[in-house]
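Q: Provided herewith is a single structure, encoded as structure tokens, for subsequent inquiry.
Nothing in this text is a laboratory measurement; each read-out follows from the coordinates by a stated rule. All values reported here derive from a predicted model rather than from experimental measurement. Counting neighbours? That spans all protein chains shown, and the Cβs are built from the backbone with ideal geometry, glycine included.
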């Protein structure tokens with residue numbers, strides 16, 4: 001007969017023994033192996049009602065008689081990280097068949113700092129204090145209750161701290177003498193923390209030994225300073241308290257209590273202490289920027305960068321700000337501008353390259369808030385002082401985009417072409433074609449559009465629609481190149497005082513001045529709609545919408561005029577997708593309102609089903625800001641993308 005492997009027998013035995021060892025009000029259930037977890041424990045109260053306290057258990061059994069084996073297990077670092085990442089806490093339970101005991105510890109209590117360099121596993125050690133007995137059961141329940149309170153947002157200032165010492169001397173001072181000195185200094189920080197007096201409530205654990213200061217909440221959040229032995233003995237008590245405060249701020253930021261973390265940092269004299277702890281500031285800074293202390297945080301970072309050579313802190317601050325620029329908060333935007341200008345001043349007379357990079361960052365900030373002239377000015381200064389930008393395709397692409405939005409279409413086209421020559425990125429050709437079109441180079445624009453669409457099956461609806469309409473314009477008006485007279489065309493587009501029979505010739509004269517005059521096309525669309533030329537009206541409104549992407553009324557009119565048997569279905573689909581891409585749900589809302597007024601609710605319901613199906617693949621996703629670092633080839637690479645930018 002096949003014999004069962006001893007280890008399998010031990011695993012089954014450990015399950016059985018664990019279920020017998022835990023209290024009756026704890027219910028143990030085996031878990032599916034797919035989770036990499038052996039079991040789940042749910043805790044009930046004395047009235048057999050669920051408390052909502054649940055944790056997972058990973059059992060590790062041994063039949064060894066060796067104490068080192070009984071009180072230690074080797075776990076892979078990946079496994080430990082996995083346990084720490086789970087929403088439910090994981091209890092590691094070591095079962096000794098010889099002793100018939102369980103030794104337990106939470107996975108969150110395993111400190112990966114002590115893993116050896118290059119190691120794939122680390123040893124987890126147990127002691128007699130880890131034995132699963134009645135005292136440990138109470139400790140586990142208390143841990144779970146505190147964990148639930150922390151995650152439910154129950155932490156508030158001042159924070160209770162539970163202070164303990166792990167060495168006989170701290171910088172030559174015994175704990176019996178150090179504790180009273182710390183206690184006497186705590187009232188100066190009474191708004192932040194207080195020594196714990198009772199057994200109830202949430203408390204942060206503080207452990208001080210001869211080399212380290214460890215502060216945290218249940219080992220799920222916190223930090224450790226490994227430099228206690230380097231502290232000044234004369235100022236040790238107050239320095240330890242300040243570091244405890246900063247550690248509490250760090251732990252709170254990790255738990256999502258950003259406002260409390262900021263209140264600690266900007267209380268008392270802690271900012272000065274934080275300025276000397278750059279690594280801690282780097283971790284805290286993104287969290288602090290989410291709070292009402294936004295301006296103070298930027299001032300703090302600027303002060304550090306002014307007095308220390310810390311370009312990395314400046315870089316990650318710039319990266320964090322990329323995600324905040326669309327907030328619309330004028331006070332925050334002003335603070336960002338001041339911060340970026342301080343960066344420029346810092347390098348003006350010392351670092352030409354960084355002076356150029358700082359101008360580039362300010363230029364991109366101005367682009368994000370539509371201060372386009374300022375953006376172009378900064379980008380040109382950046383190129384002058386940082387020669388590497390001469391060989392960066394994305395730089396010319398961003399410069400071209402700003403010039404396009406300023407209406408400098410010829411220059412925009414030249415810089416898009418330059419970007420294409422440096423980086424063969426697929427986003428540049430249609431933008432180049434668009435700039436050519438608005439500069440009046442219609443034939444060349446059409447050729448670039450067509451080449452792009454032929455080579456890229458994922459081309460957006462807007463580019464396809466522009467290609468189709470541009471081809472029709474060139475054929476109908478026999479115009480390949482035009483020196484656009486925008487003002488003259490706009491003057492001729494006003495047909496309020498023009499007789500009905502003269503409207504179309506009048507508007508044709510406007511188009512002879514500027515074939516891309518949106519007002520002329522819109523009024524021509526209205527005219528043709530009134531005289532029953534629906535297909536012609538659809539074309540006019542479509543051209544107007546393509547040259548005035550923001551014009552929701554033009555998009556809606558073009559769509560409404562295309563809902564017939566005359567306009568090809570392909571055009572209707574492209575039109576709806578392009579309109580939705582440019583204006584999102586505001587376009588849909590206006591379109592449905594028009595259809596409801598014209599057709600009624602029942603017909604609208606049928607139309608809406610078609611529209612929703614058409615735009616299902618065109619749903620917008622938020623773009624990720626580009627963050628670039630200089631690679632070994634001297635090119636700035638977007639770290640959020642696998643492609644080189």
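Q: If you count the DSSP beta bridges with both ends in the chain, what percent of them are antiparallel, to the nearest 5? Before the final figure, lay out the partial values.
A: Details: 36 of 52 bridges.
For the chain, the DSSP antiparallel bridge percentage is about 70.
Q: To the nearest 10 degrees, how steep is helix 503-513 against the longest Cα principal axis of the chain, on a 0 to 90 scale?
A: Once rounded, the angle reads 70 degrees.
Q: Using Cα-Cα distances under 8 Å and only pairs 6 or more residues apart, what relative contact order does the chain have, in percent? If you can, show how the numbers build up before the last one.
A: Values: 895 pairs, mean separation 30.7, N = 645.
About 5 percent, as a whole number.
Q: Looking at the stretch 156-278 only, what percent of DSSP beta bridges run antiparallel? Nearest 5 please. Spell out each step's value before the answer.
A: Values: 10 of 19 bridges.
If I count the DSSP bridges inside the stretch 156-278, around 55 percent turn out antiparallel.
Q: To test your reading of the geometry: what angle, between 0 and 90 degrees and rounded to tens, separates the Cα axis of helix 311-322 from the longest principal axis of the chain?
A: Rounded to the nearest ten degrees, it is 60.
Q: Apply the Debye scattering formula to the stretch 388-508, with a single equal point scatterer on each alpha-carbon and no solvent, then give log10 I(q)/I(0) at q = 0.10, 0.13, 0.22 Å⁻¹.
A: For the stretch 388-508 at q = 0.10, 0.13, 0.22 Å⁻¹, log10 I(q)/I(0) is -0.38, -0.60, -1.22.
Q: Right, next: What is the angle, in °, between the Cα long axis of helix 330-347 and the longest principal axis of the Cα atoms in the chain? Nearest 10 is fine, range 0 to 90.
A: Between helix and principal axis, roughly 80 degrees.
Q: Calculate how many DSSP beta bridges within the stretch 6-146 are antiparallel, expressed in % of all such bridges and rounded to the nearest 5.
A: Antiparallel bridges: around 75 percent, rounded to the nearest 5.
Q: Please list, by residue number, everything in the stretch 160-180 whose backbone N is under 17 Å from a paramagnetic label point 7 Å out along Cα→Cβ of residue 210.
A: Label zone hits: 165-178.
Q: Can you classify the stretch 486-605 as rounded, prolate or oblate using the Cα gyration tensor, where a ≥ b ≥ c are the square roots of its eigenvalues, rounded means a/c under 1.5, and otherwise it's prolate if a/b beats b/c and oblate if not?
A: Details: a/c = 2.08, a/b = 1.63, b/c = 1.27.
Prolate, since a/c reaches 1.5 and a/b exceeds b/c.
Q: Let me ask something else. Need one number: nm distance between label points at residue 454 and residue 370, each 7 Å from Cα along Cα→Cβ, rounded to one decimal.
A: In this crude label model, residue 454 to residue 370 measures out at 3.9 nm.
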